[in-house]
Amino acid sequence: MDGAVRVLRASPLALEAGLSPAIADAIAANQRPASMAKDEETVYDFVSQLLATGRVSDAAFQRVKDAFGERGVVDLVGAVGYYSLVSMTLNVAQVPLPAGVTPPLK
């Protein structure tokens with residue numbers, strides 16, 4: 001799933017919430033960010049596994065649960081599911097990027 005529109009719209013929100021531009025750039029380039037805080041790495045690993053396989057390892061689950069609680073696990077899965085749904089819907093509908101916008105994913 002390319003999800004360029006989703007990333008285009010979500011990236012400013014992530015940056016406003018404090019995500020490092022270097023991390024956002026690495027993710028947009030489909031690369032593992034070089035340096036992340038422990039909580040960022042926990043979320044990155046969990047989400048990467050979830051998107052790649054539809055599942056997560058027991059270790060990844062436990063790390064998220066320890067960091068954010070059971071509610072945090074549910075919220076994270078919900079957010080990933082929501083943005084996946086939006087991305088797929090936009091891709092199926094072939095919604096183009098706004099005029100003059102370069103796709104944010106490499």
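The values are calculated or read from the model by the stated rules, or taken from the named source; none is laboratory data. Predicted, not measured: the structure shown is a model, and the values here were computed from it. Note that each Cβ is placed from the backbone with ideal geometry, even for glycine, and that neighbours are counted across all protein chains shown.
General observations
- Subset of the range 73-92 (residues that are modelled with pLDDT of 95 or more and surrounded by fewer than 15 Cβ atoms within 10 Å (Cβ to Cβ)): Val74, Asp75, Gly78
- Test set (1) of a type outside the set (A, V, I, L, M, F, W, C); (2) at pLDDT 95 or above; (3) outside any helix (DSSP H, G or I); (4) crowded, with 17+ Cβ neighbours inside 10 Å - Pro33 fails condition number: (2)
- Qualifying residue in the range 79-95 (condition: of a type in the set (Phe, Trp, Tyr) and touching a Phe, Trp or Tyr at 6+ places or on another chain (Cβ under 8 Å)): no
- Exclusive hit being in a loop (DSSP other than H, G, I, E, B) and surrounded by 13 or more Cβ atoms within 10 Å (Cβ to Cβ), set Leu50, Leu19, Leu15: Leu19
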